[in-house]
Amino acid sequence: MNSKIKKIIYSGIVFLSVFGMFALMANYEHTLAIERHKQDARDTLLMTQTNLESIITSRMISMGGIAAYIEIDNEISQLEYSSFAKNIYASADEIVKSMTFITDTTITHIYPYEENKAAIGIDLASEASQRDLILYAKNNLKAVFTAPVNLVEGGIGIIVRIPVVVKEAYYGQVAIVFDYDKTIAASGIESLSSEYVVELAGFDSLSGEKAIIWNNDGNPVGDSIIQEVNLYDSTLILTVLPREGWQGKTVLYYMLWFIGVIVSSFAFMGMYKVLSFNDDLKGANEELENTIGRLQISEAHITHMAEHDALTELFNRRKFVEILGAQLNSGKTGSVLLLDIDNFKNINDTLGHVYGDKVLVSISKRLLEAVEGNAHVFRFGGDEFIVLMMDITDTDSIDRCIENIVCHLDLGNEVEHIKNHITASIGVSRYPANGNTVEELLLKADIAMYSAKKSGKNKRQFFFDDLISNFENRINIENRLRGALKSNEFMIYYQPIIDAKTGDLSSFEALLRLKDLSMPPNEFIPIAEENGMIVPIGKWVIREVLDQLQKWEASGFETKPVAINLSPRQIYDATISEFVEDELNSRGIDPSMIEIEITESVLIDNKEENMKVLSALKKIGLIISLDDFGTGYSSLNYLTYMPVDKIKLDKSLKDRFIDMEDTKMMDGLISIAHGLNLEVVVEGVEEAGESEKLIATNCDYMQGYYFGRPAPADQVHDSQGRLVYRSFTHT
């Protein structure tokens, strides 16, 4: 074998060795990526499991109260039964269709009664489709879960029955019928369909065989993720498998292969060169050492990349999973602190993502300075960070750590000579008390963090079990809002605003409601604000009000300007002025027919940008009102530079001063506003005496139940098209 072939063979061995090392790392990354994908699926399944268990079990627990009452007094009347059942039914969000009590095997009580009373007296043991399950529950004294069931009254349902025992003997059963489609939708199972092949299955109580409850595309087979759902004596199995399989080919995966080819080629050439110049052994040794050193540096760099966040250099999610997983496997204790930076989106929106990244780097440094002892800081992505406190679970120690974090975030976050007021909402879960898996602890820390943010931001919240029901309620409200926006289930109520000098109706305020009035606006609007849905909802309100003005005008009805509330989220959208102008122009409506109501909170963040948006709205020709004056910061200094035309004094401010012997405080405040060329609206006027005192203060407008309650559009006018409201005459 000649020298050249030997050099090629030896260099090839080096190439294969180096390339093999990169191939192993690429395969390792592929495995980790698949595991991350699976962890995401487990997180999703855990949420779906929680939703499904909560939907079914919470109602069955309530029905258990009826069973307990019957065990004490088995002579319960239909009226008493309805009284118990209606509260459960009213809180069921249309998921529950009916609730029955079965004495022995015969239906004797039912709710709702009127539409289901035909079922009273039916002996289910004589019904072929019901006999076996009724008798199974009776003879075995076990709860029975059955789905899907073709219901006698039509549709598909889910039926759960719980035996009732009186004096240690079977007496009857309480049964609850769930709407199949609405239960599946509310659980979140359907939302998995686009990404996963999904199957929900149970076990037939009689045969013990597997029974499919719901699936979307055949049966998920292969490497599926499985989650048990526990419902009384029944266990359901929820199984998912990605339609495209578990994804492991990440950017890092391809980078490893690419870098592997390049580095291996350099290694091949380096070895070949070493062997070619064997006459200079010293030089060859140095070349080989340099090549090996470069390989070691590359390996260390790749390992660092795999474990650290590219922007902040903090440990990343993968490293968190590795460290916490090792802690849990070793039976250790500790705490997970999930931090979400409050209002960070505003920084990105107003100053750009490049600047936002610099702020995140600054925050990372402050967090590293804040933690001490056996704690690690991780960046989870976006504006979320995690502090893992190992071996620490006591509340005092955690609170001290959080106080230190808050202090460090509050200090020194000046980037490029811009001072950034940084706060964070923090959720805390502890192991093993709150869970023994990474995904469960993350989920519960996230639920706690949301609770902290909802309570006013810049707060901390430890996880406790009741938060899950609160979280479920938020999910239900979000789903309700999405459905309402999609199916046009919102409506506008109009409340009159009265001219204090003439007693005439001067304008309306548009107030958002759900058509079925199932939820008050102070419950759903804050959630819409938090999750961003207020932006499309707000645009719907603007279009709806403009359409209504057109309808009134076309019908020859008397029309007045309408005030529309814009939330801070809508003001943050720099295109809102263009949207309003386009909608006005497309309908030919004079801009003076629309007022925009804002709150002082738009001045706290992004003041300069928000002033530009308000000025653009005012330039169109809209009237700008400052709403709820007196409830927030209420700085008169704001009024000297805000582009507003009116201020609306909140009801709480009116209540505070109206009962004084004189109204000098109100007089003074209104005089100051008039001195700034601002008109004044007083809200919450509920009595004639209040209106008389307010007229004396020289206010410009009044609004409240005394003059008219909010009403739908078809009740604003009488049959002749005249406005309906309570007026007054000056004496």
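Every number in this text was worked out from the coordinates using simple rules, so none of it is lab data. Because the structure is predicted, anything quoted here is derived from the model rather than measured. Note that we place each Cβ from the backbone using ideal geometry, even for glycine, and neighbour counts take in every protein chain shown.
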**Q.** Gain in span if fully extended, S555 to V535, counting 0.36 nm per residue against the direct Cα distance
**A.** 4.1 nm
**Q.** Point-charge dipole on Cβ atoms (K/R +1, D/E -1) for region 73-183, about Cα centre, debye to 20
**A.** 280 debye
Q: Just grab the label-to-label distance for E478 and D357, each label 7 Å out from Cα along the Cβ direction, in nm (one decimal).
A: 2.8 nm
Q: Provide the FRET efficiency to the nearest 0.05 for the T31-S652 pair, computing r from the beta carbons and using R0 = 51 Å.
A: 0.25
Q: First select every other residue whose beta carbon is under 11 angstrom from the beta carbon of F579; then total the charges, Lys and Arg +1, Asp and Glu -1.
A: -3
Q: Add +1 for every Lys or Arg and -1 for every Asp or Glu among the other residues with Cβ under 9 Å from the Cβ of L546, and state the total.
A: -1
Q: Using Cα centres only, tell me the gap between region 145-194 and region 228-278 in whole Å.
A: 45 Å
**Q.** Listed peptides 455-464, 646-655 by packing density, highest first (mean Cβ within 10 Å)
**A.** 646-655, 455-464
Q) Listing T575, T250 from the residue with the fewest other Cβ atoms within 10 Å to the one with the most, what is the order? A) T575, T250
Q) By count of other Cβ within 10 Å, fewest leading, how are E478, E509 ordered? A) E478, E509
Q. If you compute semi-axes √(5λ) of the Cα gyration tensor in Å for the structure shown, which of (1) 36, 31, 27; (2) 48, 35, 24; (3) 55, 45, 24 do you land on?
A. (3)
Q: Using amide H atoms built 1.01 Å from N in the peptide plane, name the residues 5+ places from V166, or on other chains, whose amide H lies under 5 Å from its own.
A: Y171
Q: Quick one: dipole size for region 497-715, taken about the Cα centre, charges +1 on Lys/Arg Cβ and -1 on Asp/Glu Cβ, in debye to the nearest 20.
A: 280 debye
Q. So what's the gap between the Cα centers of region 495-510 and region 512-542, to the nearest angstrom?
A. 25 Å
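What list do you get for C407, C401, C699 if you sort them by fewest beta carbons within 10 Å? Please list the in-between numbers first.
Working: C407 11, C401 23, C699 26.
Ordered from fewest to most neighbouring Cβ atoms within 10 Å, C407, C401, C699 come out as C407, C401, C699.
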Q.
Could you work out how much longer the chain between N139 and N488 gets when fully extended? Use 0.36 nm per residue separation minus the Cα distance between them, nm to one decimal.
A. 120.7 nm
Q) Tell me, in nm to one decimal, what length is gained between K210 and Y641 on full extension, where the rule is 0.36 nm per residue of separation less the Cα-Cα distance? A) 148.2 nm
Q: Could you sort 674-680, 123-129 so that the peptide with the highest average Cβ count within 10 Å comes first and the rest follow in order?
A: 674-680, 123-129
**Q.** Inter-label distance for F258 and D573, nm, one decimal - labels placed 7 Å from Cα along Cα-to-Cβ
**A.** 3.8 nm
Q) How far apart, in nm, are two points set 7 Å out from the Cα along the Cα-to-Cβ line at S330 and at D43? A) 2.5 nm
(Q) Given a Förster distance of 35 Å, report the FRET efficiency between S129 and S191 from their Cβ-Cβ distance, rounded to the nearest 0.05. (A) 0.65
Q: Using a cut-off of 14 Å between beta-carbons, work out the net charge of the residues near F258 (Lys and Arg +1, Asp and Glu -1, F258 not included).
A: 0
(Q) Of G121, V144, I158, which is farthest towards the positive pole of region 73-183's charge dipole, taken about the Cα centre with +1 and -1 on the beta-carbons of Lys, Arg and Asp, Glu respectively? (A) V144
**Q.** Rounded Å value of the spacing that divides the Cα centres of region 126-140 and region 438-485
**A.** 41 Å
**Q.** Karplus-derived 3J(HN,Hα), 6.51/-1.76/1.60, for each residue of region 527-538, Hz, glycine and proline x
**A.** 5, 4, 5, 5, 8, x, 5, 4, 5, x, 5, x
Q: Kindly write out, for region 387-402 in residue order, the coupling ³J(HN,Hα) from the Karplus curve 6.51 cos²θ - 1.76 cosθ + 1.60 (θ = phi - 60°), rounded to whole Hz, with x marking Gly and Pro.
A: 10, 9, 9, 7, 6, 10, 10, 6, 4, 4, 5, 5, 4, 4, 4, 5
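Return the percentage of antiparallel bridges among DSSP beta bridges fully within the chain, rounded to the nearest 5 %.
Bridges in the chain are about 80 percent antiparallel.
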Q. Can you list the residues, at least 5 places off or on another chain, whose amide H is less than 5 Å from the amide H of I110, using H built in the peptide plane?
A. F101
Q) Size of the dipole of the chain about the Cα centre, Lys and Arg at +1 and Asp and Glu at -1 on the beta carbon, nothing else charged, in debye to 20? A) 1740 debye
